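Please treat every number below as a calculation from the coordinates, not as lab data. Predicted model, so just to flag it, every value in this text is computed and none were measured. Please note: Cβ atoms are built from the backbone with ideal geometry, for glycine as well, and neighbour counts cover all protein chains shown.
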Amino acid sequence: KKDSKILDAGCGHGAFMLQFNGQAANISEIIGIDIWSNKDQGSNSIAATQKIMENSNLADKVKLKTANILDMPFNDNEFDLIVSSLVLHNIKPFEKRKAALVNIARVQKQKGQLVIMDIGYETSKYVRILKELGYQNVNIVNAGYNGWWGTPMVPTFVITATK
Ligand SMILES: C[S@@+](CC[C@H](N)C(=O)[O-])C[C@H]1O[C@@H](n2cnc3c(N)ncnc32)[C@H](O)[C@@H]1O
């Protein structure tokens, strides 16, 4: 959608943000937040991701911030599109993941779109939580063998929803 404001919650090196490379014209701003944990992603730092973004054609659209999904420094209803890839399973215990989804819903604009990718069967529990938070068209798909984390017992799921 034209002039979209996008949040990548837990952007790491920005793999998901780079998917918007060809769509810069439609984007007003992409904000990538992260706590830059080196346990969750190697060589993780705001400076490293900044460098990657400067080498893409999104350089003038992307703003990186140090922030926790559990306490985001944004207004309510700020983002048209929110993406979060392979992040939520790092937030423990599960109750805190629920709090993360509440925070995501808070900053998501009405009629905005959400894409969550995450590993493990607990990901399917996000579906009910998102519906309780008012999301509609909540859809979950198993990403198949490309999403296996070493074993089919740890698959990756992709959830899409509209607020
Ligand atoms: C496996 S990496 C995925 C990075 C990127 N989204 C991707 O798909 O390539 C997980 C990222 O989540 C971040 N992270 C973990 N817990 C977080 C939290 N509570 N708030 C913000 N970022 C978090 C980590 O620092 C790490 O960069």
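Of note:
- Inter-label distance, nm, simple model (7 Å from Cα along the C-beta direction), Lys1/Thr160: 1.5
- About its Cα centre, the chain has a charge dipole of approximately 320 debye under the convention of +1 per Lys or Arg Cβ and -1 per Asp or Glu Cβ, with nothing else charged.
- Under a 5 Å amide H cut-off, with hydrogens placed 1.01 Å from N, Val62 pairs with Ile30 among residues at least 5 apart or on other chains.
- Once the Cα-Cα distance is subtracted from the 0.36 nm per residue extended length, the Asn75 to Asn57 segment shows a gain of 3.8 nm.
- Note, ³J(HN,Hα) from phi for the range 74-87, Karplus 6.51, -1.76, 1.60, rounded to Hz, x at Gly and Pro: 10, 6, 4, 6, 9, 10, 6, 10, 10, 10, 8, 10, 6, 10
- Residue among Gln108, Asn139, Met72 farthest towards the positive dipole end of the chain, charges placed on Cβ: Asn139
- Here's how it looks for Val154: its modeled amide H is under 5 Å from those of Trp149, which are all 5 or more places away or on a different chain.
- Each residue of the range 56-72 was assigned a 3J(HN,Hα) from its phi angle through the Karplus expression (A = 6.51, B = -1.76, C = 1.60, θ = phi - 60°), giving 10, 8, 9, 3, 7, 9, 8, 10, 9, 9, 8, 7, 9, 4, 6, 7, 8 Hz with x at Gly and Pro.
- Dipole magnitude (debye, nearest 20) for the range 73-143, charges at Cβ of Lys, Arg, Asp, Glu: 160
- Computed over the range 4-162: relative contact order in percent, which uses C-alpha pairs under 8 Å that are six or more apart: 20
- Quotient of the Cα radius of gyration of the chain and 2.2 N^0.38 Å, N being its number of residues: 0.99.
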